[in-house]
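Presented below is the structure to which this report refers.
Derivation of every value follows stated rules applied to the coordinates shown; laboratory data play no part. These numbers were taken from a predicted model, which means no experiment stands behind them. Ideal geometry is used to build each Cβ from the backbone, glycine not excepted, and the neighbour counts take in all protein chains shown.
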Amino acid sequence: MSSISLDTHKKLRISPVFLYLTGISSSQESFSAAIIEQAQKYNVTINILDISNYLKNDISSPSNNNYDLKMPDISKIRSNVSASTQVDFVSQITQNLWYHFAKEFGCNLIFTAETNTSLSTKLLSNIVLGRGSQIENDIGFADQRNSSIQIFRPMREITDEELDLYVKVKKLIPVPNSNKNDNNTLQSVLSNFVADLQNHSPTTISTICKTADKIGSKSLHNCNKKCELCLNLINRPNKLVATDAITFSKMVSSGVCSTNTLAKVLDNYPSNVSVFPNIYETLCYTCSKNYNELDTNT
């Protein structure tokens, strides 16, 4: 904020809009109060929105949805799906809200506070969850999956440890972050894993993120089909993948087809019964898997 108010030639020529989302975690109430207090202290106007309104009030996504994907109430997510699915699904909703309100406020740039530490965990989580082809947008400095609004990560080269040291040197009073992943989520396990590696080898986090810069999917460069939830490009693989094996195994075990009809099953895929709904048509692999879990349990 000082860069905006200081009368110098390096003054930032921008008019920032601050958006804060609540309702992401059940333990967020005290954290939200601290955020509001800090905003009042620095005389910053902050826009507050409960994330459940994304579902209850049918706030449209910036993508052109041609399919009726009925999403459950956010309160049902916490009680009916796995904690890891909840974290991933809510993160996609959060990003869609960023796009929606950036458009509402006339902003064409979005800046996030993701650090090197959080992005290294996100990289590993993406690979485990099946979002390996989306690393370029999810981890890179610039996220360009939306043609009109870009997401930038200016703190991408800063670790949490460096940030803590800066706060101590400047004698700032940070907001205690109680909005952490539950201990039983895949994301929290990977976060602890990365933190432990970093303690024994200080180059762990930087190495992970530098690896992300070299990862890209050539098969998606000529694809124009996007996932309706995460907005990442999707493309039906030309060769057999793990999803085909899962689908075929399910059909064989359920007695729908015999083991000698693999070619016929895959030729009709995904028009036949699939493990994951709308996969490669309107949703990517992970979003389809998440939607299947949400739809089944609600």
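Taking the Cβ-Cβ separation of Val167 and Val252 as r and a Förster radius of 51 Å, what is the calculated FRET efficiency to the nearest 0.05?
0.35
Can you work out ³J(HN,Hα) from phi for every residue in segment 243-248, in order, using Karplus 6.51 cos²θ - 1.76 cosθ + 1.60 and θ = phi - 60°, giving whole Hz and x for Gly and Pro?
4, 5, 5, 5, 4, 5
Compare the peptides 105-116, 125-136 by average per-residue count of other Cβ atoms within 10 angstrom and give them in order, highest first.
Those peptides, ordered most packed to least, come out 125-136, 105-116.
Sort 229-235, 155-161, 88-94, 196-202 by the packing proxy (mean of other Cβ within 10 Å over each peptide's residues), most packed first.
229-235, 88-94, 155-161, 196-202
Quick one: 3J(HN,Hα) in Hz for segment 104-112, Karplus 6.51/-1.76/1.60 with θ = phi - 60°, rounded, Gly and Pro as x.
5, 8, x, 9, 10, 10, 10, 10, 10
Filter the cross-link list Lys122/Lys168; Lys122/Lys225; Lys210/Lys250 down to pairs whose alpha-carbon distance in this structure exceeds 31 Å.
Beyond 31 Å between Cα atoms: Lys210/Lys250.
In terms of modelled amide H atoms, which long-range or inter-chain residues lie less than 5 Å from the amide H of Leu19?
Asn47
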